[in-house]
1. Please specify each residue of the range 320-374 satisfying the condition of being closer than 18 Å to A498 by Cα and among the hydroxyl-bearing types (S, T, Y).
2. Looking at A496, A515, A523, A543, which one is over 26 Å from Y24 (Cα atoms), within 22 Å of the chain's Cα centre (by Cα) and in contact (Cβ under 8 Å) with a residue 60 or more places away in the chain?
3. Out of Q80, Q102, report the one residue that is out of contact with any helix residue (DSSP H, G or I) (no Cβ under 6 Å at 6 or more places or on another chain), under 30 Å from L687 (Cα atoms) and either of a type in the set (S, T, N, Q) or surrounded by fewer than 18 Cβ atoms within 10 Å (Cβ to Cβ) (or both).
4. Please go through the range 445-461 and give me each residue that is of a type outside the set (F, W, Y) and under 16 Å from A431 (Cβ atoms), ordered by number.
5. If I ask for residues that are in contact with a helix residue (DSSP H, G or I) (Cβ under 7 Å, 6 or more places away or on another chain) and free of Cβ contacts under 8 Å to residues at least 60 places away in the same chain, which ones from the range 160-170 would you list?
6. Identify all residues within the range 275-334 that are part of a loop (DSSP other than H, G, I, E, B), out of contact with any Leu (no Cβ under 8 Å at 6 or more places or on another chain) and not acidic (D, E); write none if there are none.
7. Any idea how many residues of the range 335-385 are assigned to a loop (DSSP other than H, G, I, E, B) and either under 13 Å from L411 (Cα atoms) or in contact with a Phe, Trp or Tyr (Cβ under 7 Å, 6 or more places away or on another chain) (or both)?
8. Does A286 satisfy the criteria of being among the aliphatic types (A, V, I, L, M) and within 21 Å of Y79 (Cβ to Cβ)?
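The values are calculated or read from the model by the stated rules, or taken from the named source; none is laboratory data. For clarity, every value in this text was computed on a predicted model and none was experimentally measured. Don't worry about glycine lacking a Cβ; one is built from the backbone with ideal geometry, like all the others, and counts go over all protein chains shown.
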Amino acid sequence: MGNYKKLWFWLIGILIVTFSILGYFGADVYRNAPPIPAQVKVEATGEVLMTREDILQGQSAWQSTGGMQNGSIFGHGAYQAPDWTADWLHRELVTWMNLLSQERFGVSYEQANEEQKAILEAAAKKEYRTNTIDANEVVTISARRAQAMKMTGEYYKGLYGDEPSLNSTRESFAMKTNTLADPARRDKLVNFFFWSTWVAATERPGSDVTYTNNWPPESIIDNVPSAENVIWSIISVILLIAGVGLLVWGWAFLSNHAEDETQAPKMDPITTFKLTPSQKALGKYAFLTVALFGFQMLMGGAVAHYTVEGQTFYGIELSKWFPYSLLRTWHLQSAVLWIAAGFLTAGLFLAPIVNGGKDPKGQALGVNVLFLALLVVTVGAFVGNYLAIAGQMPAELNFMLGHQGYEYLDLGRVWQFALFLGIAFWLFLMARCLVGAFKQGGDKNLLALFTASVVAIGLFYGSGLFYGEHSNIAVMEYWRWWVVHLWVEGFFEVFATAALAFIFSSMGLVSLRMATTASLASACLFMLGGVPGTFHHLYFTGATTPVMAVGASFSALEVVPLVVLGYEAFENWSLRNRAPWMANLRWPLMFFVAVAFWNMLGAGVFGFMINTPVALFYLQGLNTTAVHAHAALFGVYGFLALGFVLLVLRYIRPTMQFSDGLMKASFWALNLGLLGMIATSLLPIGLYQFHESVSVGMWSARGEAFLQQDFLENLRWIRTISDVIFLVGGFGVALQVCKGVFLNRAPK
């Protein structure tokens, strides 16, 4: 550890404390997950309406239709169709009050006067919020509620089937006719939707909030932010301000402000290494990365178009073969795959360099085998997705081979496990070089941090295997966000920091001491908020108030290091002047500068916009979430992966020259296109929905009548301009990579 002992102690201490918190409150998620009743029966007659098995079979039916790619549950999922939890709850409440109003007043709920409505709503609040589950996990409901459930269920059966009167509604929701063709499975589906509503409306025993902390917003039964929600929201803002202040003070008084006097060498040191066979084999990885990126862009454009023409693509009835749920699945899965491929490429390129410019025996073979494995997993997962959503996959095989139904982890479990094995094999290939590097002399602290991040990437994707087909949604969400948040936003961030530091120090552009110090300090900051900050995704998925408190407190600290990323961008950009040969790396550097900008805006500003519990209470599942997702996922990790690919390509094709005209147009088109999507469509629609969610309810903000207003539809059409600009930029980068791979030979 040497001169970095304090930083290592800080990092190790932070990891021990934060993962202890993650584990302790993870156990709380398991203990207090919303119960799935053994039976739901009518109080007066004893009639059993559904069993636990019926609910779980309904969950499987929902997964087979694309799950979170077709509407959402508890606010997590796609934005076009309703949130089924909020929608069912409101529909059932209105139906229940209509029945009661007819009994008591002889008129419908809408025809009742204000005094009568107040009586009806008070009765609804009492019946729906009261928890009737007994020691045998049997839920009893009134005959009136059973009738309201049945009437509400008929609507959903028709919506997921082929009811002619709902054709226009299906178009508005971008749902194909017979989304779930089997009537028996539709009967099960409505049981699952009811359960999610029961969880959202029923108070947790010993508490005055529901299992979902009163989400979704629904005024009829007083589903409003709890006192704890507001308190922890205020605390999170205070922690953010305090964290930023402490960071500035620490930067001013504790950091070494001496200029790095490292003299850049006259020749790029990385070019002094002869390319190894495994590095020469990376051209196809670069191509695979941009090929999947191109595919993802096309899927994204089609998905965006489905928001204005729900079942057609400029008149072509595309949804018959490729419905919204399928294309959105491929859009998100290809994003995960191509970004991961970019990071794997960077790691495989660096591995021989840290090993002194040598390949271990059989390394090139391993790199080629891994590439084939990635191809098999990609094709297999996409075919499985298609067969599941088309209804051609046997129900019992859907979860394993077809579609898990959970956003970002949609691929069948077999393909998910195969991908984990592939990433683990990448870890093995990396380890063979890293072990050899540790046997060499010199300072190994940066190498140790880089190695730790490699191990984390290799192993933590496996956390997504810890839930099953019928796991409670609360438990599933806990593990899903280990992958989406912790694996991507945590360990990828540390890997990128350490990898860039290693590259720049290997080039002689910065001293090893400064690179190591900055990387360790950054890792401390990222992990402090990032690990327990995972819980901010679980505020309303069935977790308890203490989980919400931890998520709100620590996720505020995630934003702290992002406010100073302008300085990182300036430092990265300044490297271009350190040596004449840096001109060859101008465009990778530009992409790394963009990463810092979007990290600040997308992850920092837009992330904190939806971060506090009181804000997310009204924003969860709206287009404001898509603002953060696009700006952070592509803006940070997409630009980072493309930057890595361009950097590696420059070295494995040393005769290649970047086309300045092509790269300049592509770079700015990507940035302006992404900014345009957000500024002209996603953000204004999200803010308009926000107002509706606060003033009326989540059911309305995601409802057909609201989202099909001409004003909002025009905003979605306007987005087409930015989408086209982005596509031009993306395919420009892909063209540059393809020219480098196929028109320039690797040195012999």
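1. Hit for the range 320-374 is T345, nothing else.
2. One residue alone meets the criteria, A496.
3. Q80
4. Of everything in the range 445-461, those that are of a type outside the set (F, W, Y) and under 16 Å from A431 (Cβ atoms) turn out to be L447, A448, L449, T451, A452, S453, V454, V455, A456, I457, G458, L459.
5. G161, L166 - these are the residues of the range 160-170 that are in contact with a helix residue (DSSP H, G or I) (Cβ under 7 Å, 6 or more places away or on another chain) and free of Cβ contacts under 8 Å to residues at least 60 places away in the same chain.
6. Scanning the range 275-334 gives L275, T276, A281, T307, V308, G310, Y314, G315, W321, F322, P323.
7. Residues flagged as assigned to a loop (DSSP other than H, G, I, E, B) and either under 13 Å from L411 (Cα atoms) or in contact with a Phe, Trp or Tyr (Cβ under 7 Å, 6 or more places away or on another chain) (or both) within the range 335-385 amount to 1.
8. For A286, the condition - among the aliphatic types (A, V, I, L, M) and within 21 Å of Y79 (Cβ to Cβ) - is not met.
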